[in-house]
Amino acid sequence: MILANVFCILLFLDKILHSLASGQDPHGWRTPVDCVRANELCAAESSCSSRYRTLRQCLAGRDRNTMLANKECQAALEVLQESPLYDCRCKRGMKKELQCLQIYWSIHLGLTEGEEFYEASPYEPVTSRLSDIFRLASIFSGMDPATNSKSNHCLDAAKACNLNDNCKRLRSAYISTCSKEISATEHCNRRKCHKALRQFFDRVPSEYTYRLLFCSCKDQACAERRRQTIVPSCSYEDKEKPNCLDLRNMCRTDHLCRARLADFHTNCQVSFQSLTSCPGDNYQACLGSYAGMIGFDMTPNYIDSSIASITVSPWCSCRGSGNMEEECEKFLRDFTENPCLRNAIQAFGNGTDVNLSPQNPSLPVTLPPKTEKSPALPDDINDSNTIYDTSVITTCTSVQEHGPKLNKSKEHSLCFSETQLTTDIMPDQKTFVDQKASGSRHSARGILSALLFLLVKLAL
């Protein structure tokens, strides 16, 4: 009798262990997939597809409270919370990104609208780090970043882009589009300008785009070149500054803009439980989210060409906020006084990153196939005619002299050494990233294996 019970328990434990190893939870749903695939899985199941149709009808033209007051809508939501659709995510720049986001927001839009200051990102968590960008940039340029510390890095970035066919073509396209005057009263076509900018930042590798956006500067001319990167006279500035909350509401009416803003808040929201003030100490995730907003209503940019401080902001103010002024100021400070974003920009300019897990080295970088270099596209009138210097961003050279320290002020740069920035993330750190990782599955397997051993001993 004891052996029979032990056998049943063994079968049950084996099923749980198999689910954990394959990425499924005991309820049978796999780990999150992209929303296009999740929609296909839901459509193949009659119960899920009918509930999904019901929920879409519930959300149409109704606010959250009205929807939740309907029992049929509540029942549909409860069923979908157990489906792949509820936890699905999208990949930025994926082929069907807009379709994926439409599916995602069709469930999440009515559940958070008007109640959440920050919305969770609909995109998959970023796992790459700045060190990967530095390594690729070093390989592509063929030069040591420390050998040209006195050069104009923003000028070098433009020249390096011109040596890459894809970067040169798309950069030339957005500069031409954003600089084209339509009429005496219309400076440019902002819609077309934004579209060209989105294509550039979505299709050109970040080892080129980051160098243009976040190059380090030691003089005002360099800083002004950096500010002019996105042709702000067309893509950024306007006759008047709208209220920031109005601008946010306008952004949230567009699935793509809403997703990029939510992604920025997820990856750049200040975390006082991390070494760098960034969630997960991941500079790369924050900078990628910032670049992802360029080309939308919420396009951010440097507010001036100062080299004493780095301040970025969308084109908006909090004038006319009324009793919402506190919320507006809080929203604006996430750009203008954000130590995570500022530290990330400074770290990229210094060529430094945080080494969090020396036990888990970065995956090897796969180089793209080589392409023939075409003649460089002439840059603007400030570019020199000397041979192109494609060096990467200067590294922090004063670490050995003064020692590494984290500066959260606007006036100082951020310098870290590889060995001294090895740290562990605090276990109670709050981020939007899903905490269901492989490590928890391995620990659960260990506990179940120990339980299995004890049961066998008892049986014997």
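Within segment 281-301, being under 21 Å from GLN199 (Cα atoms) and not in a loop (DSSP other than H, G, I, E, B) holds for GLN284, ALA285, CYS286, LEU287, GLY288, SER289, TYR290, ALA291, GLY292, PRO300, ASN301.
Has segment 179-197 got any residue that is modelled with pLDDT of 90 or more, within 20 Å of the chain's Cα centre (by Cα) and surrounded by fewer than 20 Cβ atoms within 10 Å (Cβ to Cβ)? Yes; the residues of segment 179-197 include at least one that is modelled with pLDDT of 90 or more, within 20 Å of the chain's Cα centre (by Cα) and surrounded by fewer than 20 Cβ atoms within 10 Å (Cβ to Cβ). For segment 259-275, which positions are crowded, with 22+ Cβ neighbours inside 10 Å and under 16 Å from ASP334 (Cβ atoms)? Matches in segment 259-275: ARG260, LEU261, ALA262, ASP263, PHE264, THR266, ASN267, CYS268. Of the residues making up segment 143-178, those that are open to solvent by 70 Å² or more (accessible area, probe 1.4 Å) and at pLDDT 85 or above are ARG169, SER176. Out of segment 294-310, which residues are of a type in the set (A, V, I, L, M, F, W, C) and farther than 23 Å from ARG252 by Cβ? Hits for segment 294-310 are ILE303, ILE307, ALA308, ILE310.
Please find, within segment 210-232, the residue that is nearest to ALA158 (Cα to Cα) out of those that are open to solvent by 40 Å² or more (accessible area, probe 1.4 Å) and of a type outside the set (A, V, I, L, M). Here the answer is ARG225. Restricting segment 322-357 to residues that are touching an Asp or Glu at 6+ places or on another chain (Cβ under 9 Å) and hydrophobic (A, V, I, L, M, F, W, C) leaves a set whose member that is modelled with the highest pLDDT is LEU341. For segment 88-106, the criterion of a residue being modelled with pLDDT of 85 or more and touching a Ser or Thr at 6+ places or on another chain (Cβ under 7 Å) is satisfied by no position. Can you say whether ASP304 is acidic (Asp, Glu), under 30 Å from CYS257 (Cβ atoms) and at pLDDT below 50, as far as the supplied structure shows? The answer is no for ASP304.
In segment 114-142, of all residues being out of contact with any Lys or Arg (no Cβ under 6 Å at 6 or more places or on another chain), open to solvent by 60 Å² or more (accessible area, probe 1.4 Å) and not aliphatic (A, V, I, L, M), the one that is modelled with the highest pLDDT corresponds to PRO125.
The values are calculated or read from the model by the stated rules, or taken from the named source; none is laboratory data. Everything quoted here is computed from the prediction, not taken from an experiment. Neighbour counts run over all protein chains shown; Cβ positions are idealised from the backbone, glycine included. Each accessible area value is taken on the protein alone, full model and side chains, heavy atoms only, with ligands, DNA and RNA left out. Shrake-Rupley method; radii C 1.70, N 1.55, O 1.52, S 1.80 Å.
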